[in-house]
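**Student:** One structure, pasted below without further comment.
The values are calculated or read from the model by the stated rules, or taken from the named source; none is laboratory data. As the structure is a computational prediction, the values presented were derived from the model and not from experiment. Here the Cβ positions follow ideal geometry from the backbone for every residue, glycine too, while neighbour counts run over all protein chains shown. Ligands, DNA and RNA are excluded from the accessible area calculation, which covers all protein heavy atoms including side chains. Shrake-Rupley method; radii C 1.70, N 1.55, O 1.52, S 1.80 Å.
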2 protein chains.
Amino acid sequence: MTEIKATNITWHEGHVSRAEREKLLKQGGCLIWFTGLSGSGKSTIAYTVEHELVKRGHLCYVLDGDNIRHGLNKNLGFSAADRAENIRRIGEVGKLFVDCGVITMTAFISPYRADRDAARALLKPGEFVEVLMDVPIETCETRDPKGLYKKARAGEIKGFTGIDDPYEAPSNPELVIKNGECTPQEAAAKVIQYLENRGLLRAAK
Amino acid sequence: MTEIKATNITWHEGHVSRAEREKLLKQGGCLIWFTGLSGSGKSTIAYTVEHELVKRGHLCYVLDGDNIRHGLNKNLGFSAADRAENIRRIGEVGKLFVDCGVITMTAFISPYRADRDAARALLKPGEFVEVLMDVPIETCETRDPKGLYKKARAGEIKGFTGIDDPYEAPSNPELVIKNGECTPQEAAAKVIQYLENRGLLRAAK
């Protein structure tokens, strides 16, 4: 058994503040919310940002379909109510991660403005960074990385965003990435520059 | 505008692994699940552990009624189904935090064995640390920090754990804290010693 050296510790009860966690992490918690059509590059950019920031010593985490739809939100379908609840829960989980001090990214189509604005309203001004992936549907459909557009065009998927369900672009996003016009690396650099400009990345040793 | 020094960066796409985050944080992600009656000291011990670990340079986060019931789970009541869903979501969020590399603690009564076991099943062996707060109900009721036992005895709260709803103690928890027999500091030291013994706390500088 390892001996714990706790004899002369001053113990404290009560919450550790978010500021103490952010000092420890040498960064500011924030929620970078990517929104855009399927195939517009949300996940690619998010993971590219994550890779670079972790290399610089920052703690990042990406919430996406892989870890949300098969876990927390596996009991939700694609009705209007379930889609809203899907985004609501993602916003609430994002808020917890931000409170933990993590640079948090979400990569979901999140097509409805009201749902995204509700997520924004959970956070303090400056903490929510909405990133519009402004890529023409023709480009997304040509990429079609998961073969979803093909299925939607064939009628095998109903209510597919951009085909038979609307995408409501944000009117005033913090960032716009015209992904068709730059590489993922250039897009990720733009996001990181935004965070630097906002003072959210203090130098990690 | 701050210039981003990105000219000679090698960019990587693809996920950052949990191991990379844990290396950055110099710790292993885990979910410390406190369970026990209202007033048994779950939150007190969790926050005492958090305070000490953050002081040592570790990243911790506590999920409790304050940040879950008013946020992610504000659309859940206290029916049997809603109680199960409450714990399910907490387990799923805990899993995400563990994947992020955070030493995560939950402080909920979580009275039903099946619900806790379902949370345990979400994680890998060794990641889920169940801590039973083994405190007699008489002690909890004397403390009654939120005045809930008084209300339950007066019939103002129905289905209150220990009064008119059962508490199913874990049969094989990783730790048992007889909180009536030690100080919060001693209890927290026991939890931290467990984490040290398991190698989850590598020295943070």
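**Student:** Given just the C-alpha atoms of region B:107-205, how large is their convex hull per residue in cubic angstrom? Before the final figure, lay out the partial values.
**Tutor:** Working: hull volume 13.1 nm³, N = 99.
So the per-residue hull volume is 132 Å³.
**Student:** Label-point separation (nm) for residue B:186 and residue A:19, each offset 7 Å from Cα along Cα-to-Cβ?
**Tutor:** Distance between the two pseudo-spin positions: 3.5 nm.
**Student:** With the crude spin-label approximation of a point 7 Å out along Cα→Cβ, what separation in nm comes out for residue A:154 versus residue A:114?
**Tutor:** Inter-label distance under the simple model: 3.4 nm.
**Student:** Given the Cα-Cα distance of residue A:172 and residue A:66 and 0.36 nm per residue of separation, how much length would full extension add, in nm?
**Tutor:** On the way: separation 106, 0.36 × 106 = 38.16 nm, distance 2.81 nm.
Extra length from residue A:172 to residue A:66 when fully extended: 35.4 nm.
**Student:** Only Cα pairs within less than 10 Å get springs; with that Gaussian network setup on chain B, which residue of B:190, B:42, B:23 has the largest fluctuation?
**Tutor:** B:23
**Student:** Oh, and also: Using a 10 angstrom cutoff on alpha carbons, build the Gaussian network for chain A and name the most mobile of A:148, A:175, A:37.
**Tutor:** Largest GNM mean-square fluctuation: A:148.
**Student:** Which of these, A:172, A:86, A:73, has the largest mean-square fluctuation under a Gaussian network model of chain A (Cα springs below 10 Å)?
**Tutor:** A:172
**Student:** So between residue A:138 and residue A:55, what do we pick up on full extension, going 0.36 nm a residue minus the alpha carbon distance?
**Tutor:** Contour length minus Cα-Cα distance gives 26.4 nm.
**Student:** Also: Once you list every other residue whose beta carbon is under 11 Å from the beta carbon of residue A:141, what net charge do they have if Lys and Arg are +1 and Asp and Glu are -1? Provide the component values of the computation, followed by the final result.
**Tutor:** On the way: positive: A:143, A:150, A:153; negative: A:138, A:144.
For residues surrounding residue A:141, the net value is +1.
**Student:** What are the label-to-label distances in nm, one decimal and shortest first, from residue B:172 to the same spot in the other copies, with labels 7 Å along Cα to Cβ?
**Tutor:** Output for residue B:172: 5.8 nm, nearest copy listed first.
**Student:** Testing the spin-label approximation: label points 7 Å from Cα along Cα→Cβ at residue A:198 and residue A:122. State their distance in nm.
**Tutor:** Inter-label distance under the simple model: 1.6 nm.
**Student:** Charges only on Cβ, +1 for Lys and Arg, -1 for Asp and Glu: so what's the dipole of chain B about the Cα centre, in debye to the nearest 20?
**Tutor:** Computed about the Cα centre, the dipole is about 400 debye.
**Student:** Now for a separate question. For the protein assembly as shown, which whole-number percentage of the solvent-accessible area (1.4 Å probe, protein heavy atoms only) is attributable to carbon and sulfur atoms?
**Tutor:** 53 percent
**Student:** Another question about this same structure. If you average the C-alpha positions of region B:88-102 and of region A:112-184 separately, how far apart do those two centres end up, in angstrom?
**Tutor:** So the two Cα centres are separated by 26 Å.
**Student:** Could you state the per residue volume, in Å³, of the convex hull enclosing the Cα atoms of region A:142-186? Display every interim value, and only then the final one.
**Tutor:** Working: hull volume 4.3 nm³, N = 45.
Convex hull volume per residue, Cα atoms: 97 Å³.
**Student:** Shifting gears a bit: What does DSSP give for chain A in terms of the percent of beta bridges that are antiparallel, rounded to the nearest 5?
**Tutor:** On the way: 1 of 20 bridges.
Here the share of antiparallel DSSP bridges comes out near 5 percent.
**Student:** Just to confirm a number: summing +1 for Lys and Arg and -1 for Asp and Glu over residues other than residue B:173 whose beta-carbon lies under 15 angstrom from that of residue B:173, what do you get? Let's see the in-between values first.
**Tutor:** On the way: positive: B:42, B:113, B:116, B:120, B:178, B:190, B:198; negative: B:115, B:117, B:127, B:130, B:134, B:168, B:174.
Spelling it out: positives minus negatives among the neighbours equals 0.
**Student:** Then there's this: Residue of A with Cβ nearest the axis relating A to B, plus distance in whole Å?
**Tutor:** A:93, 3
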